[in-house]
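Notes follow once the structure below has been shown.
Any read-out appearing in this document is the output of simple, stated calculations on the displayed coordinates, not a laboratory observation. It should be emphasised that the depicted structure is a prediction, and the values quoted were computed from it without experimental measurement. Ideal geometry is used to build each Cβ from the backbone, glycine not excepted, and the neighbour counts take in all protein chains shown.
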Amino acid sequence: DLLLREHKLGEDYFTSVQSLTYLVTVENKLLNLLEEHLDFFRGIDPEFEHYLYGWFEEHLTAVENPESYVSNPITSYQLIKRLTVDWMDTRSAIIEKAPANFTDELKKEIEPYFPGVSDLNGAVHGISFLCSVYTMSFADFMQGRFLDRQYNVSLSVFDVLEMTYVSLTNHRIINACLMSIELLYRDDYPLQVLQESIGLFESVMNALNATGNSKMSNALSNLLYRKFRKESLPEKPERVLQNDYIRKQRDIMEKIQNKEQRNKVLEEDSKEMVIEDFKRFCAFCKYPNFSRSILNKNLSCRYKTDLPFLKLSPLKMEELNLDPLVALYHDTISDKEIQLLKDAAIPQMQRAVVVNHDKESHQEAGQNYSDSRISETAWLNEGDDPRLDVVLDNLNVRMAMMTSRRIMTSESLQVNNYGLGGYFSPHYDALYYSPAFLKPNDLDNREATIMFYMSDVEQGGSTVFLDLQLVVPPQKGAALFWYNLKSDRSVDMDTLHGACPVLVGSKWVCNKWIHRFADEHSSSIPQTALIPS
Ligand SMILES: O=C(O)CCC(=O)C(=O)O
Ligand SMILES: [Fe+2]
């Protein structure tokens, strides 16, 4: 019997790939229950039986490898859709006639674990977000073509109709329009499907007109007219191909390669700046080869051997930037250790929050859910489990060896798993970076960050340092180190960084935020760390 996790009211599944894998279990339970009563349903509706077989077949693909199934945004969305809108339709068709023991078990054991509307909204928004950050046309996306790779999955006409509806009801009207247009350019379905959805297209056109997009509305209406008259459609509008987005990103890339231009970009007012930052962030996510570390000949890779223990087991250090220092240490955590950390984290994972830096009222600065960070986190403390403690102790020693400094105060280890289109928009790890916050001797700020990559990511998910023009793709087992503060403990404003949206894969990282290093000499670092194996 498969275990269901505790599902708290209002909790979302789409915010981590780890949670999404639970939905495969939920679907499994539902299908098992339906199968138990198959004789009954067979008797009342042969069409339903046919539908059920199709569903079983798709579910078999999902159970083969649940994590990989939900690591792909298309199949992940389809799973959520099956358990929300599709299930609501099915349910209303059968629930009246269903036997009491079926209904009882359904309501008590299965439906409380179902995803909700916020999951469907989150999935659709995640997909639109992926398309815009990576400048993929929706036409390519729905056929399973993500950047240069073709996946053996695709969105059906009904999937896209639902996405259009969801986008419209969430006031993402341009997205709804782009999706509608792409539907019209498909010809793998009977015209009747469109005729039945005419109300949806009318609503999209009304919403476009109401928001001053009458040109797009007219274009959509024209295409619909031609489609219904079975006339051939004109070439797709440029906007739909999204070539203009790609061109804009290239322009920005050229600008920031050129120092004078870059300073001009930096001089713009702060609101523009935020948008500009985000565009630069997207450009680096899409074009990781623009990373400057690739060109910098002053950087080196070397064995770090400056402590006695490291003479036996050197750390493999790769410099990525010199001022401020950003270094990647390879093979710092083993697969076994990673598994232990994940096992300890999974039962405690909760949707990630961000610290709210409200300029007016620092006192009220709180923690909030935010669309700028789609992931789930857990904090791991010592003392809960002796096997975990061994790993945490060893990581602490290894981190001291990376820095050659003993760690005095730090936060617990934070484990993080990203969701569908999950990312973290550009931010500073240092907590107090606005001028009003700069206390000269603030010992409580996050002096340094060490982040362990606990997985590879098939596509997307790189860490980007915007001002250092540095892109770091996740590498399982490696640890990224950098200082957030300068030697006078002021925040190093060059450390602005973010995590690119995960396109395909499940991205796991864990963060250690070091507040203060000990003043003593490095010889006080314990020398008993186990070599990761
Ligand atoms: O996941 C990443 O690549 C970066 C995460 C990060 O910056 C953070 O958690 O503060
Ligand atoms: Fe960060």
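A few points about this structure:
- Phi angles across segment 80-86 convert, under the Karplus curve 6.51 cos²θ - 1.76 cosθ + 1.60 with θ = phi - 60°, into 3J(HN,Hα) values of 4, 5, 4, 8, 10, 4, 5 Hz, Gly and Pro given as x.
- Based on the Kirkwood approach, the hydrodynamic radius assigned to segment 1-152 is 16.6 Å, with every pair of different Cα atoms included.
- Extension gain, SER214-VAL390: 0.36 nm per intervening residue step, less the Cα-Cα distance, totals 57.0 nm.
- Around the amide H of ALA478, modelled in the peptide plane, lie the amide H atoms of ASP331, THR332, TYR453, all under 5 Å away and 5 or more residues distant in sequence or on another chain.
- Rounded to 0.05, the FRET efficiency of the LYS336 and SER487 pair, given R0 = 51 Å and the Cβ-Cβ distance, is 0.85.
- Cα shape, segment 89-218, gyration tensor, a/c 1.5 rule: prolate
- Note: segment 299-524, Cα convex hull, 134 Å³ per residue.
- Rounded FRET efficiency, nearest 0.05, which uses the C-beta distance separating ASP89 from GLU231 and R0 of 30 Å: 0.35
- Per-residue ³J(HN,Hα) for segment 470-482, Karplus 6.51 cos²θ - 1.76 cosθ + 1.60, θ = phi - 60°, Hz, x for Gly and Pro: 10, 10, 10, x, x, 9, 3, x, 8, 10, 9, 10, 7
- Separation in nanometres of the label points that stand 7 Å from Cα toward Cβ, at ASP159 and MET408: 5.5 nm
- Kirkwood analysis of segment 43-109, using all unique Cα-Cα pairs, places the hydrodynamic radius at 13.5 Å.
- Pair VAL354, ARG302: separation of 7 Å Cα→Cβ label points (nm): 3.8 nm
- Between ASP45 and ASN65, the modelled label-to-label distance comes to 3.5 nm, taking each label 7 Å out from Cα in the direction of the beta carbon.
- Violating pairs (Cα-Cα greater than 30 angstrom) within the set LYS236/LYS476; LYS81/LYS107; LYS279/LYS476; LYS297/LYS476; LYS230/LYS279: LYS236/LYS476; LYS230/LYS279
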